[in-house]
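Participant: Below: one structure in structure tokens.
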Amino acid sequence: MQRRYRLGIMWFCQPYLGSTQGKALAIHWLLAASRKRPSRNMAFKLSSELVDVAKGSGDAIRKKEETHKMAEANRAFAHFR
């Protein structure tokens, strides 16, 4: 999310992302969510996160939904970009 200061208020606007940027951001979210898991082995953490993503749960999916929800809430102010 990008922050824009306009009319005395801080607005959060979703930046335009290309396909490669979107994929890179998704991989970043997956790795960050995997690092938070309590296991020692990174391969096991990543595989567990990928299984959770396939099921539709997990921290990476939660982060994606949170970002989309914030973008929907501020859609009316997209012209501030």
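Participant: Find how much the distance from M70 to Q21 grows on full extension, using 0.36 nm per residue of separation minus their present alpha carbon separation; answer in nm with one decimal.
Facilitator: Numbers: separation 49, 0.36 × 49 = 17.64 nm, distance 1.89 nm.
Answer, rounded to one decimal: 15.7 nm.
Participant: Another question, then. Around R37, under 13 Å between beta carbons, what's the net of Lys plus Arg minus Asp minus Glu among the other residues?
Facilitator: Numbers: positive: R35, K36, R40, K45; negative: E49, D52, D59.
For residues surrounding R37, the net value is +1.
The numbers here are math on the coordinates, done by the rules we state, and not lab data. Everything quoted here is computed from the prediction, not taken from an experiment. All Cβ positions, even for glycine, are placed from backbone atoms using ideal geometry, and neighbour counts span all protein chains on display.
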